[in-house]
Amino acid sequence: MCQNGHWLPHVQNSKVMTITSYAQNLEDIVLWRALKQVSNGFYVDVGANDPDVDSVTRLFYEHGWSGINIEPEHDYWRRLSEARTRDVNLPIAVGESKGIASFYSVPQRGLSTLDPTVADAYRAGGTDVVAHQIEVDTLSNVLDSYATGPVHFLKIDVEGAEGAVLKGLNLKVWRPWVLVVEATKPNSTEPNHQLWESSVLLAGYSFVYFDGLNRFYVAEEQRNLEGAFGVPPNVFDDFVIDRMVSVGRVEERQADVAERAEMARQTRQRESDLAKVVRRYETLCTELEQMRTENRRLQASLDAVYGSTSWRLTKPLRAFANTLPAIRRPRASALAISKRVIRALVPIVQAQAWLRPILRWIARQFPGFWDWLMRRVRGAIANEVLVVPYLTEDAQMFKAALINRLHTENKISGEPS
């Protein structure tokens with residue numbers, strides 16, 4: 001807002017919050033302290049270099065500001081063009097006059113220069129220097145073309161060519177509120193501001209702060225800002241440094257990558273274990289089916305045996321075989337053994353019709369033996385049939401009568417039918 005020819009700050013209603021510093025020497029924190037009340041401010045960065053690393057303007061861009069970035073190194077200009085879409089990004093150099101000049105590029109970021117003496121010093125120190133021609137314009141011309149309002153701060157960092165840049169800027173016409181100018185020789189703590197500072201002071205600017213690398217100046221019409229430059233950045237500015245935050249982010253990413261790798265390893269292990277279980281299950285299923293097939297085969301074979309004629313014909317022999325264990329017992333009585341043998345043999349004899357003629361011949365030739373054998377047979381059969389653990393009273397009477405009859409018949413010799 002303009003009042004009596006002076007540009008006054010626009011007060012923001014945003015709440016206080018922690019900010020992030022991206023600048024090399026915390027220049028953005030000092031500037032933010034003085035200018036944070038400005039909404040949608042405008043900056044000019046001569047020698048802008050990277051849009052993020054060591055950037056004095058990124059903090060402001062994140063808070064809605066925009067401006068002009070001047071960067072003759074093509075790679076960094078391309079990065080600026082991609083990252084700063086609200087800004088004007090110019091791949092030129094600025095100097096005392098418009099034209100073409102030799103620009104000396106070096107591999108190290110932020111050290112390229114228009115100053116041939118600085119380039120010679122780089123070469124003497126073993127640094128590779130590549131010279132090429134580049135377009136040069138004055139800063140006044142650039143501002144005339146692209147600036148549409150006040151410049152809230154102007155930063156100049158051109159590795160020894162700061163004086164030439166200031167000579168191409170009419171500070172009577174263009175009045176940046178704050179000037180930030182690198183004030184030491186490249187890669188040195190030796191001051192060089194005496195080469196150009198007088199022109200700044202004569203233009204109505206006051207020196208307010210030196211951070212060891214840059215000198216800060218405030219336009220006389222913005223003296224209300226001078227108090228913001230009284231102390232270096234400190235805890236009350238409530239900021240964090242991006243490099244430290246980035247390290248934390250890297251560590252978090254590394255931890256996340258490690259955690260994901262461990263989870264992937266565990267997943268692979270579980271998948272391997274599951275595959276083993278599945279293979280074992282499939283093997284068991286195969287074995288079970290084989291057992292079922294074998295069981296069906298054996299059952300079919302057994303059914304064939306049980307249904308065969310030979311199995312039916314040998315049933316009496318199997319019954320006789322069941323008596324053999326009792327015969328083998330040393331203390332078994334002769335009578336008990338004979339009864340078991342007789343009970344086992346009777347069905348066999350009855351089933352074999354061809355034995356009957358032989359039995360009749362035995363009865364005729366050996367009648368005494370035959371009588372004795374018949375008594376044993378009838379006794380064995382009677383005991384097998386009539387030995388019942390529990391009978392009613394009527395059944396007991398019937399049993400007694402039957403036994404008497406059998407005993408009577410035992411006295412009568414007979415022949416087999």
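Figures for the structure shown
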| item | result |
| --- | --- |
| Residue count, the stretch 163-180 (criterion: part of a loop (DSSP other than H, G, I, E, B) and surrounded by fewer than 21 Cβ atoms within 10 Å (Cβ to Cβ)) | 7 |
| Single condition Lys155 does not satisfy, out of (1) of a type outside the set (Val, Ile, Thr); (2) in contact (Cβ under 8 Å) with a residue 60 or more places away in the chain; (3) more than 17 Å from Asn214 (Cβ to Cβ) | (3) |
| Residue that is surrounded by the fewest Cβ atoms within 10 Å (Cβ to Cβ), among those in the stretch 25-78 that are more than 41 Å from the chain's Cα centre (by Cα) and of a type in the set (Gly, Ala, Ser) | Ser39 |
| Restricting the stretch 196-235 to residues that are among the small types (Gly, Ala, Ser) and without any contact (Cβ under 8 Å) to a residue 40 or more places away in the chain, the residue that is surrounded by the most Cβ atoms within 10 Å (Cβ to Cβ) | Ala203 |
| Test: residue in the stretch 108-129 that is acidic (Asp, Glu) and more than 20 Å from Pro186 (Cα to Cα) | no |
| Members of the stretch 80-102 that are of a type in the set (D, E, K, R), surrounded by fewer than 20 Cβ atoms within 10 Å (Cβ to Cβ) and under 24 Å from Glu62 (Cα atoms) | Glu82, Arg86 |
| Residues of the stretch 92-117 satisfying the condition of being under 48 Å from the mean Cα position of the chain (by Cα) and free of Cβ contacts under 8 Å to residues at least 24 places away in the same chain | Pro107, Gln108 |
| Ser198 vs. criteria among the hydroxyl-bearing types (Ser, Thr, Tyr), modelled with pLDDT of 95 or more, more than 25 Å from Asp54 (Cβ to Cβ) and outside any strand (DSSP E or B) | yes |
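To keep it simple, each residue is scored yes or no on (1) surrounded by fewer than 14 Cβ atoms within 10 Å (Cβ to Cβ); (2) assigned to a loop (DSSP other than H, G, I, E, B).
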{"position": "Tyr104", "(1), (2)": "no, no"}
{"position": "Asp128", "(1), (2)": "yes, yes"}
{"position": "Asn141", "(1), (2)": "no, no"}
{"position": "Lys155", "(1), (2)": "no, no"}
{"position": "Gly160", "(1), (2)": "no, yes"}
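The values are calculated or read from the model by the stated rules, or taken from the named source; none is laboratory data. Remember, predicted model here, so these are calculated numbers, not experimental data. Glycine also receives a Cβ, built like all others from the backbone with ideal geometry; neighbour counts cover every protein chain displayed.
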